[in-house]
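**Q** Mind having a look at this structure? Questions to follow.
What follows is calculated from the coordinates using simple rules that are stated; it is not laboratory data. Everything numeric in this text was worked out from a predicted model, so none of it was measured. Because the Cβ atoms are built from the backbone with ideal geometry, glycine has one as well, and the counts that use them run over all protein chains shown.
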Amino acid sequence: MTRDDIIRMAIKCQLANSGNREGLYIDALAEFAELVAEVEREECAKAIAAEINDEIEDEAYCILVALLARIRARGQQ
């Protein structure tokens, strides 16, 4: 997520206006956005992990494990 993305979302949510970006607490907003994204990624990962069990086919197992790893890796970028 870029600084411009955060500013655009802040304007959309009326946390700021497009004419005055100087008053934005952009660092705090960026940190908040990352925390929200981290929680959402983990919730998605948990939903996928709940589907992984010994009864699914090997190919499906591999796909789910790969998706789980990719979701969790997004937080490391």
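**Q** Taking segment 24-59 as the region of interest, how many residues are basic (Lys, Arg) and either touching a residue at least 12 places away in the same chain (Cβ under 8 Å) or in contact with a strand residue (DSSP E or B) (Cβ under 7 Å, 6 or more places away or on another chain) (or both)?
**A** 1
**Q** Same structure again: Take segment 25-53 and flag every residue that is over 10 Å from the mean Cα position of the chain (by Cα) and among the aliphatic types (A, V, I, L, M).
**A** Within segment 25-53, ILE26, ALA28, LEU29, ALA30, ALA45, ALA47, ILE48, ALA49, ALA50, ILE52 qualify.
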